[in-house]
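One structure below.
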Amino acid sequence: MLAQSRDNPLPMLRLYKLRLAQRWLLGAAAPLMTLVGCQAPPVIPAPSSASPKITPAPTQAAQTAPAPAPTPGTEPEAQPQPRLPPLEPIARAPELPPLRTRAAPQASLAVSPRDYRRDAARHLYQLNQHRIYSGRLPPHLYAIGVLEVEINARGQVLSTHWLRMPRHAMEVVVEIERTVRDAAPYPAPARLGRVTYTETWLWDKSGRFQLDTLTEGQD
C-alpha cells in the first residue's frame with residue numbers, strides 16, 4: 001500500500017487537502033458555536049401581584065337599581081302630610097229679586113200712525129209717572145228732540161231714528177232712547193200690524209219731561 005502511494009502521489013495529496021479543509025472549517029466554526037452557547041434564552045417576566053386592578057364602571061342598570069322591596073310583614077312608615085290652612089267660607093252673592101214680568105198692555109185700535117202716537121204716549125206716561133213734568137213747561141227748555149219709533153205687531157220696538165237730535169245734550173239722547181226701549185211691549189197695533197210714529201220730547205233741566213202729544217202747554 002505504501003509502495004503504491006509512493007509510486008502514485010496523487011491520492012496522498014487529495015487526502016492532505018481534505019484534512020486541511022476540515023481543520024479550517026472546525027477553526028472557523030468554533031467561535032460561532034461558543035457565541036451561540038453563551039447566549040441565554042430571554043426571560044419573560046411573570047405578572048406582578050402588585051399591579052392595580054381595573055374596576056369596571058357601573059352600568060346604567062346598576063345606577064338606576066330600584067330600592068329594595070320591603071320585607072314581607074312590615075309596612076313602610078307613612079310620611080306626615082303637611083297641614084293646609086282652613087278654607088275661608090266663600091261669600092255668597094246677594095240674591096236678586098225676582099224679575100217682574102209686565103203684562104202686555106191692551107191692544108191699540110188705532111187706524112193711523114197719528115192715532116197710535118196717542119196710545120203710545122199714554123203708555124209711556126203710565127210707566128214713567130214720577131218723571132213727568134207736572135203743569136206748564138217753562139219758556140226755556142233744556143232740550144227738545146224728535147224721535148221716530150217703529151213698532152211691530154207684538155208691540156216690540158224694532159228701531160229708532162232721530163229726526164231732530166239735541167246734540168248739545170247727549171245724555172238726554174241716551175236717556176230718551178233707553179226710556180223708549182224699556183217701555184216695550186207697547187200696545188199692539190191690532191189694525192195696523194206694524195206702525196212707525198213720531199214723537200217730540202220736551203225735556204226740562206230738572207230731568208223731567210213731557211211729550212208733545214200730551215203736553216200741558218208752555219209759558
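Things to note:
- Each other residue within a Cβ distance under 10 Å of GLY135 adds +1 if Lys or Arg and -1 if Asp or Glu, for a net charge of -1.
- For segment 102-219, the fraction of alpha-carbon pairs in successive 5 Å shells from zero, as %: 2, 12, 24, 24, 20, 12, 6, 1
- Fully extending the segment from THR200 to ASP182, taken as 0.36 nm per residue of separation minus the present Cα-Cα distance, adds 4.7 nm.
- Per-pair calculated FRET efficiency, R0 = 30 Å: ALA107 and GLU171 via Cβ, rounded to 0.05: 0.30
Values quoted throughout were computed directly from the atomic coordinates according to the rules given, and no laboratory measurement underlies them. On a predicted model such as this, the values are computed, not experimentally measured, just so you know. Ideal geometry is used to build each Cβ from the backbone, glycine not excepted, and the neighbour counts take in all protein chains shown.
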